[in-house]
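A.B. asks: My questions will all concern the structure given below.
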Amino acid sequence: MHCSIAQAVGVVAEPWTPLILRDLFLGVRRFDDLAEDLGISRNLLTRRLEHLVAAGVVERRPYQERPVRFEYVLTEAGRDIVPALFTLMAWGDRWATPPGGPPALLVHSCGEQFTPVVTCPHCGGEADADSVLAVRGPGAAQGPGTMVLAAEAAEAAEA
């Protein structure tokens with residue numbers, strides 16, 4: 001589908017993937033540690049890590065030669081998805097909090113605890129469903145996932 005959300009979902013939306021990315025962000029890097037922390041089958045973890053490596057989100061690095069063993073680290077693309085995980089976490093804390101409250105709190109490098117909020121980099125205002133309008137971008141094309149944007153372009157061309 002010709003849509004940035006669809007492309008991102010293709011990389012990170014399998015149910016275990018955000019949890020694997022979370023653990024990598026938290027510093028869990030070795031296969032056995034990931035499998036134990038997540039309670040995921042080794043076969044499924046192998047497939048998810050291979051997918052993330054192929055997508056350029058995770059890098060596999062050797063940490064031992066005999067036998068060869070690898071650890072997994074977030075690439076630049078992987079680190080760039082972390083704020084989206086924070087936002088997903090904030091939504092879960094608000095709408096699906098586990099019993100006892102949030103299992104993790106976020107503390108910024110300034111030392112203050114915070115709840116992530118997406119803001120406009122120009123005015124600093126909150127960017128939410130009531131304050132943002134999506135308009136056709138340069139990559140919009142007629143097809144699944146961009147039909148609304150393509151119709152917008154057609155209407156603009158007729159005007």
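The values are calculated or read from the model by the stated rules, or taken from the named source; none is laboratory data. What you are looking at is a predicted structure, and each value in this text was computed from that prediction instead of being measured. Backbone-built Cβ (ideal geometry, glycine too); neighbour counts: all protein chains shown.
A.B. asks: Given (1) within 23 Å of VAL12 (Cα to Cα); (2) at pLDDT below 90; (3) polar (S, T, N, Q), where does THR115 come up short, assuming only one miss?
C.D. replies: Against the list (1) within 23 Å of VAL12 (Cα to Cα); (2) at pLDDT below 90; (3) polar (S, T, N, Q), THR115 comes up short only on (2).
A.B. asks: If you check every pair at least six apart or on different chains, which have Cβ atoms under 6 Å apart with a residue in the stretch 48-71 that is under 18 Å from ALA8 (Cβ atoms) first and a residue that is in a helix (DSSP H, G or I) second?
C.D. replies: ARG48/THR17; ARG48/ILE20; ALA55/VAL11; GLY56/ALA77; VAL57/ALA77; VAL57/GLY78; VAL58/LEU52; VAL58/GLY78
A.B. asks: Could you please let me know if ALA90 is crowded, with 16+ Cβ neighbours inside 10 Å, out of contact with any helix residue (DSSP H, G or I) (no Cβ under 9 Å at 6 or more places or on another chain) and either charged (D, E, K, R) or in a helix (DSSP H, G or I) (or both)?
C.D. replies: Yes: the conditions hold for ALA90.
A.B. asks: Sticking with this structure for a sec: Would you mind telling me which numbered condition in (1) in a helix (DSSP H, G or I); (2) of a type outside the set (A, V, I, L, M, F, W, C); (3) modelled with pLDDT under 95 PRO83 fails?
C.D. replies: Among (1) in a helix (DSSP H, G or I); (2) of a type outside the set (A, V, I, L, M, F, W, C); (3) modelled with pLDDT under 95, the lone unmet condition for PRO83 is (3).
A.B. asks: To continue, here is another question. Across the stretch 52-80, which residue is surrounded by the most Cβ atoms within 10 Å (Cβ to Cβ) among those that are under 14 Å from the mean Cα position of the chain (by Cα) and in a helix (DSSP H, G or I)?
C.D. replies: LEU52
A.B. asks: Just one of (1) surrounded by 11 or more Cβ atoms within 10 Å (Cβ to Cβ); (2) at pLDDT 90 or above; (3) over 25 Å from GLY27 (Cβ atoms) trips up GLY124, so point out which.
C.D. replies: Unmet for GLY124, out of (1) surrounded by 11 or more Cβ atoms within 10 Å (Cβ to Cβ); (2) at pLDDT 90 or above; (3) over 25 Å from GLY27 (Cβ atoms): (1).
A.B. asks: Please work out if ALA90 is in the same structural domain as ARG22 (by TED's automatic domain parsing) and within 17 Å of PHE25 (Cβ to Cβ).
C.D. replies: Details: in the same structural domain as ARG22 (by TED's automatic domain parsing): yes; within 17 Å of PHE25 (Cβ to Cβ): yes.
The answer is yes for ALA90.
A.B. asks: For the stretch 32-45, check the following and say yes or no: at least one residue is crowded, with 17+ Cβ neighbours inside 10 Å, assigned to a helix (DSSP H, G or I) and of a type in the set (D, E, K, R).
C.D. replies: So far as the stretch 32-45 goes, no, none of its residues is crowded, with 17+ Cβ neighbours inside 10 Å, assigned to a helix (DSSP H, G or I) and of a type in the set (D, E, K, R).
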